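Just below is one structure, and these are the notes that go with it.
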Amino acid sequence: KFDNNFDIYFKNNPLKDHVMFALSVLENQRQFEQMSALIERLPEPMQSTDAVQLQKAMVMLELKQFEQAEAIISPLDKNQTVRAATLYIKGRTMEDAGDLVQAANYLTAYYEDLPSFHSVNALANVLVKANRSEQLLSVAKEYVENFPQDNTASLSLALKLAPSQPAFSLKLLEREQIQWLIERNWKLSNNIAWLYFTQRAPEKAIKYSTNALLLNADNNQVKLVHAN
């Protein structure tokens, strides 16, 4: 009933802020096709505003329509108020095209413009693909130092660094706030148990493996790690 109710509301309250709120609700529910349809139904000139066009480009990214996303943001290049978002879209487009050097350049600029979980995670994904582990380590250290309370980002970075920088990864994972997250998630517990196992720390490995087993005893992957 979302579309019908939106149409009724919009008829009486045709404000851009209300549209952006509606789009954010759909985005949180990952209803990207519905977002695209709603944008196409908007009247002009609202549909052509920078904010709505930027949201449309983001939707195209999520739908893997990278060329369309690039075409939408091209006219916004000189608009400094949306610079960070356009850098992100260009970076993701280059990543899809396989140009990891350009992708890293755009996403580094995005991260520097707007440091956040979203920007550091997007940059980290490309650095992992490009096997640039030293740069990833440097970015992770900087982000964790500047945003020590962002436990979700610390956890994400730790898991990305685990194959190439296990010592730093484990240091991040041992933080008290992250431990709370790990103890409540069987998959995290299982993966970290294996990480400790590969780092020849069997006492810690069995601690996390036991927790994974308690949370999901029927999972074959959990059983295999625990048996090891």
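Counting Lys and Arg as +1 and Asp and Glu as -1 over every other residue whose Cβ lies under 14 Å from the Cβ of Leu42, the net charge comes to -2.
Per-residue extension of 0.36 nm, minus the Cα-Cα distance of Glu174 and Leu15, leaves a gain of 52.5 nm for this segment. Contact order for the chain, expressed relative to its length and based on alpha carbon pairs under 8 Å spaced 6+ residues apart, stands at 8 percent.
Between Asn216 and Ala51, the simple label model (points 7 Å from Cα in the Cβ direction) yields a spacing of 4.0 nm. The overall shape of the chain is prolate: from the C-alpha gyration tensor, with semi-axes ordered a ≥ b ≥ c, the ratio a/c is 1.5 or greater and a/b exceeds b/c.
Largest mean-square fluctuation among Asp113, Asp17, Asp150, in a Gaussian network model of the chain whose springs join Cα atoms under 10 Å apart, belongs to Asp17. Using just its DSSP H runs of length 4 or more, each adding -39500 (n - 2.57), the chain gives a mean residue ellipticity at 222 nm of -23500 deg cm²/dmol after division by all residues. How charged is the neighbourhood of Gln179? Take every other residue with its Cβ under 13 Å from the Cβ of Gln179, and add Lys/Arg as +1 and Asp/Glu as -1. Local charge sum for Gln179: +2. For the chain, modelled as a GNM whose springs connect Cα atoms under 10 angstrom apart, the maximal fluctuation among Val25, Val120, Val59 occurs at Val25.
Contact order, relative form, for the range 1-102: 17 percent (alpha carbon pairs under 8 Å, 6 or more residues apart, mean separation divided by residue count).
Look at the alpha carbon pairs under 8 Å that are at least 6 residues apart: their mean separation over the length of the range 95-209 gives a relative contact order of 16 percent. Magnitude of the charge dipole for the range 32-131, about its Cα centre and with charges confined to Cβ atoms of Lys, Arg (+1) and Asp, Glu (-1), is about 120 debye. Once the 1.4 Å probe is applied to the protein heavy atoms, the chain comes out at 56 Å² accessible per residue.
Just to be sure I understand: with springs between alpha-carbon atoms less than 10 Å apart, which residue in Thr93, Thr108, Thr198 has the highest mean-square fluctuation in the Gaussian network model of the chain? Among Thr93, Thr108, Thr198, the largest GNM mean-square fluctuation belongs to Thr198.
A 21 angstrom limit on the alpha carbon distance is what I want to check against. Which of Lys78/Lys129; Lys171/Lys207; Lys64/Lys160; Lys11/Lys64 exceed it? Cα-Cα > 21 Å for Lys78/Lys129; Lys64/Lys160; Lys11/Lys64; rest within. Here the chain exposes an accessible surface that is 52 percent carbon and sulfur, computed with a 1.4 Å probe and the other protein chains kept in place. Net length available on complete extension from Ser116 to Ser133 is 4.1 nm, with 0.36 nm assigned per residue and the Cα-Cα distance removed. Given their separation in residues at 0.36 nm each and the Cα-Cα distance between them, Glu62 and Ile8 gain 16.7 nm when the chain is fully extended.
Under 1.5 on a/c is rounded, so check that first for the range 12-137, then, if it is not, pick prolate when a/b is larger than b/c and oblate when it is not; a ≥ b ≥ c are the square roots of the alpha carbon gyration tensor eigenvalues. Cα axes put the range 12-137 in the prolate bin.
Under 14 Å from the Cβ of Ala212, count the other residues' Cβ atoms, weight Lys and Arg +1, Asp and Glu -1, and hand me the total. Around Ala212, the charge tally is +3.
The values are calculated or read from the model by the stated rules, or taken from the named source; none is laboratory data. Quantities reported herein were computed from a predicted structural model and do not represent experimental measurements. FYI the Cβ positions are ideal-geometry reconstructions off the backbone, even for glycines, and counts take in every protein chain you see. Each accessible area value is taken on the protein alone, full model and side chains, heavy atoms only, with ligands, DNA and RNA left out. Shrake-Rupley method; radii C 1.70, N 1.55, O 1.52, S 1.80 Å.
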